[in-house]
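Engineer: I'd like to ask you about the structure that follows.
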Amino acid sequence: MSLIPSLFGNRSVFDPFSSDVWAPFSSNNEISTFANAQVDWKETPEAHVFKADLPGLKKEEVKVEVEEGRVLQISGERSVEKEDKNETWHRVERGRGKFLRRFWLPENAKVDQVKASMENGVLTVTVPKMEEKKPEVKSVQITG
């Protein structure tokens, strides 16, 4: 058993894509139950495409940012429903609170052309890729 993971609450500090590494803490050090927003990341020939399931959130409640040059940050908050004194809750299972996910973008990402859209509770972030530079080949004439 390694001592290093136990120092970080059994989280893998070496996996930059682990949701646990980026899970935010509230002011009272509780992890939000909504913190681990599920995100898929696929790469196409033209772009990196991120899809996040954010059911019940409006686009105004979600933020997409690129920070430190190449870190894509998706954040937001699902508010707690206002309680009415005449209502009794029997079960609360839906996640709420703040969430934050960060992804290191590869060097071929065009971070100045990131686009985001939201439809039916699914956030889609598209990060175009730079064209791959093809090596220049120059013929050398052989003398002699």
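Engineer: Since Gly76 meets every condition but one in (1) part of a strand (DSSP E or B); (2) of a type outside the set (S, T, N, Q); (3) open to solvent by 50 Å² or more (accessible area, probe 1.4 Å), which condition does it not meet?
Structural biologist: (3)
Engineer: Return yes when Trp89 is open to solvent by 60 Å² or more (accessible area, probe 1.4 Å) and in contact (Cβ under 8 Å) with a residue 24 or more places away in the chain and no when it is not.
Structural biologist: No, not satisfied.
Engineer: Separate question: Can you tell me how many residues in the range 101-144 are open to solvent by 100 Å² or more (accessible area, probe 1.4 Å) and over 17 Å from Glu46 (Cα atoms)?
Structural biologist: Final tally of qualifying residues: 13.
Condition check ((1) assigned to a helix (DSSP H, G or I); (2) small (Gly, Ala, Ser); (3) more than 18 Å from the chain's Cα centre (by Cα)) across all residues:
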{"site": "His48", "(1), (2), (3)": "no, no, no"}
{"site": "Glu65", "(1), (2), (3)": "no, no, no"}
{"site": "Leu72", "(1), (2), (3)": "no, no, no"}
{"site": "Arg91", "(1), (2), (3)": "no, no, yes"}
{"site": "Glu107", "(1), (2), (3)": "no, no, no"}
{"site": "Ser117", "(1), (2), (3)": "no, yes, no"}
{"site": "Gln141", "(1), (2), (3)": "no, no, yes"}
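Engineer: What pairs come up if the first residue lies in the range 120-144 and is at positive phi, the second is assigned to a loop (DSSP other than H, G, I, E, B) and open to solvent by less than 100 Å² (accessible area, probe 1.4 Å), and their beta carbons are under 9 Å apart, counting only those six or more places apart or on different chains?
Structural biologist: Asn120/Pro55; Gly121/Leu54; Gly121/Pro55; Gly121/Gly56; Gly121/Leu57
The values are calculated or read from the model by the stated rules, or taken from the named source; none is laboratory data. Since the structure is predicted, the reported quantities are computational estimates derived from the model, not experimental observations. Ideal geometry is used to build each Cβ from the backbone, glycine not excepted, and the neighbour counts take in all protein chains shown. These area figures cover heavy atoms from the full protein model, side chains too; ligands, DNA and RNA do not enter into them. Shrake-Rupley method; radii C 1.70, N 1.55, O 1.52, S 1.80 Å.
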